[in-house]
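Chemist: Please read through the structure below; I'll follow up with questions.
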Amino acid sequence: MTSSSPSPVHKIEEYSPNLWLTPKVDLRFDLDPHLTVVRADYDVQLNGNSPGPLFLHGENLEFLSLRLNGAIVDPSEFEIQELGILIYHPPSSKFQLTIENRICPSKNSSLEGLYQSGSMLCTQNEPEGFRKIVYAIDRPDNMMQFVVTISGDPSLFPVMLSNGNLVYEKILSDGKKEVKWEDPFPKPSYLFALVAGELVETIDSFQTKSGRNVTLKIFVEKGNEKKVSFAFESLKKAMKWDEDTFGLEYDLDLFMIVAVEDFNMGAMENKGLNLFNAKLVLADKKSATDETFESILAVIGHEYFHNWTGNRVTLRNWFNLTLKEGLTVFRDQWFTEDMTDPAVKRIKDILFLKEHQFPEDQGPMSHPIVPKSYTEMNNFYTVTVYEKGAEVIRLVSEILGRETFKKGLMDYLTRYDGQGVTFEEFISSMEAAFGKPIPNIRNWYHRSGTPKLQVKETYDPKSNEWEFSIKDSSQKDLPLIFVNSYACFDSNGTLLAEGKRIQEGHEDQIRMRAIDPSGNKPIVSFFRGLSSPILLETKLAKEEIRVLAENEPDGVSRFFNFQNLIFLWMEESIRSGKSEDLTRLLETLGSGFKKDWDKTYFSFYLTFPSLNQISEQLQCFDFLKMETLRKEAIRNIATKFTKEFQILYEENRKTIPIQTKEEIGKRRLKNTALYYLLHDPSHRFEGLAVAQQREAKHMSEEISALRYLIEIGSKEKENGISLFYDRWKEDALVLDVWFAAQVGTGENRFEELEILETHPKFFIKNPNKVRSLYFSFARNPLSFHSKSGKGYQIIAERIKQLNVINPQIAAGLAKLFSSASKQNGDLPRIAKRELEDIQNLPNLSKDLGEVVGKIINSF
Ligand code: TRP
Ligand code: ZN
């Protein structure tokens, strides 16, 4: 973390196996929040046959002692460096190394390594946190068998956990408590975990398909034990699903989850001991929204699925992060599709990809799903590695078919069990199951940017056929493979044909007969359900898109065609400078009221795209103009369908606070109706929102009502904000949404931000609070990209503070400057100046330095 020595860049072509490995480690912790002593006994072994110096990673450690084969080593035999320890002449090709150091968990605000959160001590080691705990060969291709002994004051640490199985628990003669854990499965250091503190244990169990009983435990801080039942249900569903779908059975007798308040990301798949951001475990109907419940299901599934895809088969190096993340996201998406509604889940995933991954891939942080280089690995836990990575796996599953895909996955897990591998091994297993090569699939791993495909159409009068040519013109080299699910319709919306084509390489031609005797062109819907993660340019006329938006039998495709209709209207209105005719759009929207759609689906269909979605789609950055038009359209919709929305609201008003598809759908639909009603120019529906907030039985009802009152600037806004606070001031997770709601919409929310960050319940060291306040503000374009540049100044200041507290979070916040160079007027200049200011910080962290450097280069 010094600016004196520039941080090294890791390049994929420079990867080579390590000279030494440590197949076994015996770890000892003597816990104390201020001064923890850690000792590691390694079995060291030469990897290959030419010996050389041994380097162990180590950062911010206070070195105590080093022994080789039991004997203290003379200081002239090794060197303590800033990033580790170098032992010049290891004694032989196999030996014992014992090393001891001290750390201070209570001063560790980076939340990497061993740190304090509330009354507990816990670890986060992925990707390179282990080296902040003890000297180690801290790379994923060094697999170790762990034995862990923990001792400490039993009044501070009644619970002491690590991976695997508990061997014993006892009180020592000096009154300290000691526990010993053993994990039978070898694993890299990044999967090691330790938790100790005053935790409440909740317990459940699961019987595997072979009849074994697995004990399930969730540990929480006191007071939260009533909020774990949904997490347990989710875990059991995930365990069952992995058995039913892939035949994968859990491999230990104990599975533990710990809910942690201070956590840099969502959750972590440490073997047998998953650590979770508290907001992704704790939920009850009063305090959690339907979105929270669904995230809990997905993330519990995700971490559990890592037990096979990530842990049993792990990574050779960090360049291949997508091997476990893309694959595991794909698995959790599939799981949620099966547990909820496939079309709705797919719509959510595509919306997320388009709003977050597409811009990343078009911007200064763009990288292939297997990055070519990194300075700080933490910066590469990106939507590209995760979500685009999952799209590439989905592509493979579409090419093979899901049954063959399952065989390929089983082949992969059997063949590479206990090893660290790369995406090549994964693809080769898939090809083995397929029985032939998958052409060009590897290029998806090496090519950055969203491929842009164009559709061109020509008519051949002789054969009465239309030919569609689909061309990937975005890059000459690295040809790809695409799955193109398509359907074609006549001008009345009658389905004429549908199918799935595999496009190998830059171009594909599809010929279709025009059934219509007049030779009318068929209307073709390509890449239905985003069957490949691409941007498609078509020349479809507005009328044709409308036919698709009303008639596509595929709900996902129908939804996105309707969105396209809205985007077209936006584009025309921006160009002409006034609200263009909405008649057709209103008709299409109105047709939905007559359909018998799933309620959640219908609520998505009705929801007008957000400013960020519109801006990303049209590449327009005049947010004020877009917002004016957007609100104009929303008011028009509200006025035209007042009656329908009132009926919808009444029909769905009474809900039962349970997590069933029907009740979730009702809540969503009634909220959508309420949103439109609140935009009725008469303001006569505001009372509905006020009442909904007061009488809510479920957080989805309560927070939506408040959010809308804030967004429309209702005179009831302040009352709503105080009422909400009074009800929830003791619940940190609910306060997160309260903070977020006050800065997440609306123009120039500077004052709100500055007041809220001095609020006694705001803590800059807590990432959930930083996300709810600073990230929400920075994702609100009307505030962040304010013409004055004030939004940039505010966020830049906070990034500077976070640089010292938590570099990973600081870098994450800095990434939101990625779109600054595209803004209008003075904004790019102001942003650049702010970023250069950050770059000149005397103690600029490696995380922040890498991100800011890349963004500055894009100006
Ligand atoms: N591997 C985690 C996952 O399931 C993500 C992760 C990486 C993480 N680094 C972390 C989680 C740091 C918490 C803190 O996707
Ligand atoms: Zn993951």
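Chemist: State whether one or more residues within the stretch 258-270 are more than 16 Å from ligand 1 (Cβ to nearest atom) and touching a Gly at 6+ places or on another chain (Cβ under 6 Å).
Modeler: no
Chemist: Going residue by residue through the stretch 332-352, is there one that turns out to be away from ligand 1 (no atom under 15 Å from the Cβ) and outside any helix (DSSP H, G or I)?
Modeler: Yes, the stretch 332-352 contains a residue that is away from ligand 1 (no atom under 15 Å from the Cβ) and outside any helix (DSSP H, G or I).
Conditions (1) open to solvent by 30 Å² or more (accessible area, probe 1.4 Å); (2) under 30 Å from residue 541 (Cβ atoms), marked per residue:
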| site | (1), (2) |
| --- | --- |
| 388 | no, no |
| 407 | yes, no |
| 416 | yes, no |
| 456 | yes, yes |
| 477 | yes, no |
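Chemist: For a quick check of your reading: which strands (runs of 3 or more DSSP E) sit entirely within the stretch 137-180 and have at least 1 residues that are of a type in the set (Asp, Glu) and either within 21 Å of residue 215 (Cα to Cα) or not assigned by TED's automatic domain parsing to the domain that holds residue 31 (or both)?
Modeler: 165-171
So that you can scan it fast, the table gives a plain yes or no per residue for (1) open to solvent by 40 Å² or more (accessible area, probe 1.4 Å); (2) touching a residue at least 60 places away in the same chain (Cβ under 8 Å); (3) of a type in the set (D, E, K, R); (4) more than 21 Å from residue 678 (Cα to Cα):
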| site | (1), (2), (3), (4) |
| --- | --- |
| 722 | yes, no, no, no |
| 734 | no, yes, no, yes |
| 739 | no, no, no, yes |
| 743 | no, no, no, no |
| 755 | yes, no, no, yes |
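Chemist: Being open to solvent by 10 Å² or more (accessible area, probe 1.4 Å) and more than 15 Å from ligand 2 (Cβ to nearest atom): is that true of residue 341 here?
Modeler: So residue 341 passes the test.
Chemist: Would the stretch 22-32 turn up any residue that is surrounded by fewer than 13 Cβ atoms within 10 Å (Cβ to Cβ), among the acidic types (Asp, Glu) and over 25 Å from residue 811 (Cα atoms)?
Modeler: no
Chemist: I'd like the residue in the stretch 458-474 that is assigned to a strand (DSSP E or B) and among the polar types (S, T, N, Q) and, out of all such residues, is nearest to residue 502 (Cα to Cα).
Modeler: 469
Chemist: Is one or more of the residues making up the stretch 302-318 more than 16 Å from ligand 2 (Cβ to nearest atom) and in contact (Cβ under 8 Å) with a residue 24 or more places away in the chain?
Modeler: Yes.
Chemist: Follow-up. Filter the stretch 260-281 down to residues that are touching a Leu at 6+ places or on another chain (Cβ under 6 Å), among the small types (Gly, Ala, Ser) and away from ligand 2 (no atom under 14 Å from the Cβ), then give me how many there are.
Modeler: Final tally of qualifying residues: 1.
Chemist: What residue, of 592, 499, is farther than 28 Å from residue 616 by Cβ and free of Cβ contacts under 8 Å to residues at least 24 places away in the same chain?
Modeler: 499
Chemist: If you check 322, 314, which single one turns out to be in a strand (DSSP E or B) and either of a type outside the set (Asp, Glu) or touching a Gly at 6+ places or on another chain (Cβ under 9 Å) (or both)?
Modeler: 314 is the lone residue from the list that is in a strand (DSSP E or B) and either of a type outside the set (Asp, Glu) or touching a Gly at 6+ places or on another chain (Cβ under 9 Å) (or both).
Chemist: Moving to a separate point now. Does the stretch 51-61 contain any residue that is farther than 30 Å from residue 379 by Cβ and at pLDDT below 95?
Modeler: yes
Chemist: Would you tally the residues in the stretch 100-127 being away from ligand 2 (no atom under 16 Å from the Cβ), over 23 Å from residue 221 (Cα atoms) and touching a helix residue (DSSP H, G or I) at 6+ places or on another chain (Cβ under 9 Å)?
Modeler: Matching residues across the stretch 100-127 total 1.
Chemist: Only strands (runs of 3 or more DSSP E) wholly contained in the stretch 78-127 count here; list those with 1 or more residues that are more than 16 Å from ligand 1 (Cβ to nearest atom) and free of Cβ contacts under 8 Å to residues at least 12 places away in the same chain.
Modeler: Filter on the stretch 78-127 gives 78-81.
Chemist: Residues 314, 340, 328: which one is touching a Pro at 6+ places or on another chain (Cβ under 9 Å) and of a type in the set (Val, Ile, Thr)?
Modeler: Only one candidate passes the filter, namely 314.
Chemist: Given the condition open to solvent by less than 30 Å² (accessible area, probe 1.4 Å), closer than 26 Å to residue 441 by Cβ, at pLDDT below 95 and not hydrophobic (A, V, I, L, M, F, W, C), answer yes or no: does some residue in the stretch 500-512 qualify?
Modeler: Yes, because at least one residue in the stretch 500-512 is open to solvent by less than 30 Å² (accessible area, probe 1.4 Å), closer than 26 Å to residue 441 by Cβ, at pLDDT below 95 and not hydrophobic (A, V, I, L, M, F, W, C).
Chemist: Can you tell me which of (1) touching a residue at least 40 places away in the same chain (Cβ under 8 Å); (2) within 20 Å of residue 814 (Cα to Cα); (3) within 16 Å of ligand 1 (Cβ to nearest atom) is the one residue 373 doesn't meet?
Modeler: Result: residue 373 passes all but (3).
Chemist: Out of everything in the stretch 357-393 that is in a helix (DSSP H, G or I) and under 18 Å from residue 849 (Cβ atoms), what residue ends up being farthest from ligand 2 (Cβ to nearest atom)?
Modeler: By that ranking, first place goes to 379.
Chemist: Continuing with this model, one more query. Looking at the structure I just gave you, is residue 418 assigned to a helix (DSSP H, G or I) and either aliphatic (A, V, I, L, M) or more than 28 Å from residue 849 (Cβ to Cβ) (or both)?
Modeler: no
Chemist: On the given criteria, is residue 194 within 15 Å of residue 29 (Cα to Cα) and touching a Cys at 6+ places or on another chain (Cβ under 9 Å)?
Modeler: yes
Chemist: What number of residues within the stretch 273-295 are of a type in the set (Val, Ile, Thr) and either open to solvent by less than 10 Å² (accessible area, probe 1.4 Å) or not in a helix (DSSP H, G or I) (or both)?
Modeler: 2
Chemist: For the stretch 221-271, enumerate the residues that are among the aromatic types (Phe, Trp, Tyr), over 30 Å from residue 110 (Cβ atoms) and open to solvent by less than 30 Å² (accessible area, probe 1.4 Å).
Modeler: Of everything in the stretch 221-271, those that are among the aromatic types (Phe, Trp, Tyr), over 30 Å from residue 110 (Cβ atoms) and open to solvent by less than 30 Å² (accessible area, probe 1.4 Å) turn out to be 232, 241, 246, 250.
Chemist: Can you tell me which residues in the stretch 591-603 are open to solvent by 10 Å² or more (accessible area, probe 1.4 Å) and under 16 Å from residue 644 (Cα atoms)?
Modeler: Matches in the stretch 591-603: 591, 593, 594, 595, 596, 597, 599, 602.
Chemist: Looking at (1) at pLDDT 95 or above; (2) within 27 Å of residue 451 (Cβ to Cβ); (3) not small (Gly, Ala, Ser), find the lone condition where residue 589 falls short.
Modeler: Result: residue 589 passes all but (2).
Chemist: Pick from 615, 576: which is of a type in the set (Ser, Thr, Tyr) and surrounded by fewer than 17 Cβ atoms within 10 Å (Cβ to Cβ)?
Modeler: 576
Chemist: I've got another one for you. From the residues in the stretch 271-309 that are within 19 Å of residue 325 (Cβ to Cβ) and aromatic (Phe, Trp, Tyr), which one is farthest from ligand 1 (Cβ to nearest atom)?
Modeler: Within the stretch 271-309, the match that is farthest from ligand 1 (Cβ to nearest atom) is 308.
Chemist: Among the residues of the stretch 378-401, is any more than 16 Å from ligand 1 (Cβ to nearest atom), more than 27 Å from residue 475 (Cβ to Cβ) and out of contact with any Lys or Arg (no Cβ under 9 Å at 6 or more places or on another chain)?
Modeler: Yes, there is a match, as at least one residue in the stretch 378-401 is more than 16 Å from ligand 1 (Cβ to nearest atom), more than 27 Å from residue 475 (Cβ to Cβ) and out of contact with any Lys or Arg (no Cβ under 9 Å at 6 or more places or on another chain).
Chemist: Of all the residues that make up the stretch 445-479, how many are in contact with a Ser or Thr (Cβ under 7 Å, 6 or more places away or on another chain) and more than 23 Å from residue 520 (Cα to Cα)?
Modeler: 4
The values are calculated or read from the model by the stated rules, or taken from the named source; none is laboratory data. Bear in mind that the values here come from a model prediction, so they are computed numbers and not experimental data. Glycine gets a Cβ as well: all are built from the backbone with ideal geometry, and neighbour counts include every protein chain shown. The accessibility values were calculated without ligands, DNA or RNA, using every heavy atom of the protein model including side chains. Shrake-Rupley method; radii C 1.70, N 1.55, O 1.52, S 1.80 Å.
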